[in-house]
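Report on the structure given below.
Bear in mind that the values in this text are calculations on the coordinates, not laboratory data. In this text, all values refer to a predicted model and were calculated from it rather than measured experimentally. With ideal geometry, Cβ positions are generated from the backbone for all residues, glycine too; neighbour counts draw on all protein chains shown.
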Amino acid sequence: MNICLHRTLTALLLLIGSSLAIAADATFTVDEPWVREAPPTARVMAGYLVLTNAGDTPVTVTSISSPDFEAAEIHRTVVKEGVARMLPVTQLDISANSQLKLEPGGLHLMLFKPQRPLPEGATVTLTIHRSNGSNMTMTAPVIRKTGGEDHSHHHH
């Protein structure tokens, strides 16, 4: 086989391989990300989103980070004897062909020490880190929503 044809075939295989990887990754999506507006003095904010795994294999989210906060943790609200507690979650496992919602009163993001004022209408960058080494970055709007839980009293 001549060297020119070999290089062309190698390049073609690399292109096909990378497009397959992109198609396979398209089965995992993040929808409806948002961060609840908090008073300007708040040291902690809460974030929410919907993780969808349309693929045939489970997806594990190992962490979620944001350059707009000093730290971000995934927490679960647990009510025991009438008292709501926020417990850290080390990872999120999204089964094949399923959806996992981070929403008020359940799983949610705790976003610590905002790096700048984040009034309603501002946007926050969130990066989802997965066990396979891939990351997804998105923008989440800061929204004022009333009702549900108020995380402004949550201490870390």
Cα→Cβ-extended label distance, 7 Å offset, between A122 and T27, nm: 3.8 nm
Cα centroid separation, the range 117-146 to the range 54-96 (Å): 14 Å
Exposure proxy ranking, count of Cβ atoms within 10 Å, fewest first, for S131, S63: S131, S63
Computed FRET value (nearest 0.05) for N97 with S134, which takes r as the C-beta separation and R₀ as 25 Å: 0.85
Ranked packing of 43-50, 66-73, most packed first, by mean Cβ within 10 Å: 43-50, 66-73
Size of electric dipole in the range 27-145: Cβ of Lys, Arg +1 and of Asp, Glu -1, about Cα centre, debye, nearest 20: 320 debye
Antiparallel bridges, percent of DSSP beta bridges restricted to the range 27-145 (to nearest 5): 95 percent
Local net charge near E37, Cβ-Cβ under 11 Å (Lys/Arg +1, Asp/Glu -1): +2
Reciprocal mean inverse distance between Cα atoms of the range 40-156 - Kirkwood radius, Å: 15.0 Å
